[in-house]
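Undergrad: Questions regarding the structure given below will be posed in turn.
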Amino acid sequence: MMDTVGDLLVQEGIVKDEVLASIRDKTKGRSMIVEIYNSMEVDEDKIVDIFSNRLKFKRADLSDIMPDALG
C-alpha cells in the first residue's frame, strides 16, 4: 500500500518523483492533490479511476442528472 496520495500518483505515472518533491515543498500543509491538479494538466477521469480502483469505491454515474443541478 502506498504511503501517500502522491506516491500513488507517481506509481500510476500521473506525476514524476521530482515534480512530487517540488509540489510537497510548495504545499507545506496545504492539499497536495489540489496543488497537483492546479499546477499540471491532469486527466481528472484518470485520477478518479485510480482512486476508485485503489480504494474500492464505485464511480458515481451522474449522466442522468441535469448539469445545472450539480452546481
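The values are calculated or read from the model by the stated rules, or taken from the named source; none is laboratory data. What you see is a predicted model, and the numbers here were worked out from it, not measured in a lab. As a convention, Cβ positions derive from the backbone with ideal geometry for all residues, glycine included, and neighbour counts pool all protein chains shown.
Undergrad: Could you check, for the range 32-45, whether at least one of its residues is surrounded by 14 or more Cβ atoms within 10 Å (Cβ to Cβ) and out of contact with any helix residue (DSSP H, G or I) (no Cβ under 8 Å at 6 or more places or on another chain)?
TA: No, there is no match, as no residue in the range 32-45 is surrounded by 14 or more Cβ atoms within 10 Å (Cβ to Cβ) and out of contact with any helix residue (DSSP H, G or I) (no Cβ under 8 Å at 6 or more places or on another chain).
Undergrad: Of all the residues that make up the range 5-34, how many are free of Cβ contacts under 8 Å to residues at least 24 places away in the same chain and within 21 Å of Arg54 (Cα to Cα)?
TA: Qualifying residue count for the region: 9.
Undergrad: Condition first: within 12 Å of the chain's Cα centre (by Cα), modelled with pLDDT of 85 or more and not hydrophobic (A, V, I, L, M, F, W, C). Now tell me which residues in the range 8-44 satisfy that.
TA: Glu12, Gly13
Undergrad: May I pose another question? Take the range 1-45 and flag every residue that is among the charged types (D, E, K, R) and over 22 Å from Lys56 (Cα atoms).
TA: Lys16, Asp17, Glu18, Arg24, Asp25, Lys26, Lys28, Arg30, Glu35, Glu41, listed by residue number.
Undergrad: May I pose another question? Can you tell me how many residues within the range 47-61 are of a type in the set (A, V, I, L, M), surrounded by 10 or more Cβ atoms within 10 Å (Cβ to Cβ) and over 14 Å from the mean Cα position of the chain (by Cα)?
TA: So the answer is 0.
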